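**Q** Provided herewith is a single structure, encoded as structure tokens, for subsequent inquiry.
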Amino acid sequence: MQPSFAELEAALSLGLRPRRFELLQRVTDLFIANIDTCTDEQVDDFDDVMERLADKIEREALIELSGRLAPLEKAPRNMVHKLSRHDDIEIAQPVLEQSKILSDEFLIEIAKTKSQAHLVAIAGRPHIREAVTDVLVDRGDLAVARKIAANRGAKFSRFGHSRVALRAEQDELTAEAFVQRPDIPPDLFDELVRKATESVRQKLLAKAAPEMRARVSKTVTEVSKEVARAEDPRNRPAAIRSVAVSLKPDMAMLRAQVSRCARSGKPSELIDALASLCGVSNYVVKNLVRQQAAETVVILGKATGLGWPDINIILTVTMPDKMSQQSVSKALFDTFAGLSNENARRILQFIRTSKAASGADIRKMM
């Protein structure tokens, strides 16, 4: 039976919660039964009534309402938005995952302001455009990265691919889902396999489809050959070869030292540690910091196997004013993501053997 306006006004004015819940169910039933014939004005009328009935109603009723409105292609817009913004994820989740009413701009707003659980819900939508994915992978935690990597309906920009690839280097589940994506750029695929931990590589080999398994094996073989060439004293410049004969640096130990110094927030110790890792004098690194040559520091970090989180901290400690600008930070990340290991190592070699490498010279080599 359709509720009368008198019943609605009485329930709303008296604020009787059981009565409101019952009327909300009946109004929702009526709306769904007539959805195909409802005009836009009538949808707006239902929207207004639902909003008023849902005010001060119990949690279970809102969860039920969210679940019923979520799959509807023509749902009351204000009510759906209100449910989506709710801090209680059980209320927000159904509409965040399913509702076609929500625009990209609205989803981006939610992704920037709400909890990680809200981001996970958005990451499960059947179709996600690049602009939304960018925010999810930039702000989201590991659970978000895993879910978005496995979602074939999510579209990725170059930035989005790069951010997930960084997570995948250390996380087996993200890596496993990510390498199965048909849209992953070839260079990022190779970069991921090169930078992944041994346990992640083994997981990829065990779980990947046959064609992906062959590709992983090929990249691992190439990495092994590159390491062998790099460690061959004959391939090192004379100035470094003599030192290498008596002392072979432990790169993992030096990277760990750089990471510790960066997190301690002491610029002078960090500069010395980074210089040791790169095989250059600390004067070179000091000069880069003095010139605010952040892009070159990114190249040094990439060439020596540092990940973006460590490089980001290094830059934040040594160039805090520059890194406080979000646009600068994003541009530097794009440089890191787009630079191949081979090019980074080639530029580092140039810096080691050049008396005065200018920024223009380095940019030409990128």
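**Q** Contact list please: Cβ distance under 7 Å, first residue in segment 151-170 and free of Cβ contacts under 8 Å to residues at least 60 places away in the same chain and among the aromatic types (F, W, Y), second residue in a helix (DSSP H, G or I) and open to solvent by 30 Å² or more (accessible area, probe 1.4 Å), pairs at least six apart or on different chains.
**A** F156/E130
**Q** Residue pairs, Cβ under 8 Å, 6 or more apart or interchain, first in segment 35-51 and crowded, with 18+ Cβ neighbours inside 10 Å, second hydroxyl-bearing (S, T, Y). List them.
**A** Going by the 8 Å Cβ cut-off, the qualifying pairs are M50/T28.
**Q** Does segment 279-288 include one or more residues that are among the small types (G, A, S), modelled with pLDDT of 85 or more and either part of a helix (DSSP H, G or I) or touching a Ser or Thr at 6+ places or on another chain (Cβ under 8 Å) (or both)?
**A** no
**Q** Pairs needed: first member in segment 269-289, at positive phi; second member anywhere, hydrophobic (A, V, I, L, M, F, W, C) and modelled with pLDDT under 90; C-beta distance under 9 Å; at least 6 residues apart or different chains.
**A** Hits for this filter: G279/I240; G279/V243; G279/L348.
**Q** Let me ask something else. So, E97, is that one surrounded by fewer than 21 Cβ atoms within 10 Å (Cβ to Cβ), within 24 Å of A54 (Cα to Cα), touching a Gly at 6+ places or on another chain (Cβ under 7 Å) and not polar (S, T, N, Q) or not?
**A** yes
**Q** Residues that are in contact with a helix residue (DSSP H, G or I) (Cβ under 7 Å, 6 or more places away or on another chain), among the aliphatic types (A, V, I, L, M) and within 21 Å of D141 (Cα to Cα): which helices (runs of 4 or more DSSP H) entirely in segment 38-120 hold 1 or more of them?
**A** Where helices (runs of 4 or more DSSP H) fall fully within segment 38-120 and carry at least 1 residues being in contact with a helix residue (DSSP H, G or I) (Cβ under 7 Å, 6 or more places away or on another chain), among the aliphatic types (A, V, I, L, M) and within 21 Å of D141 (Cα to Cα), they are 89-98, 104-113.
The values are calculated or read from the model by the stated rules, or taken from the named source; none is laboratory data. Because the structure is predicted, anything quoted here is derived from the model rather than measured. Counting neighbours? That spans all protein chains shown, and the Cβs are built from the backbone with ideal geometry, glycine included. Side chains included, ligands, DNA and RNA excluded: accessible areas come from the protein's heavy atoms. Shrake-Rupley method; radii C 1.70, N 1.55, O 1.52, S 1.80 Å.
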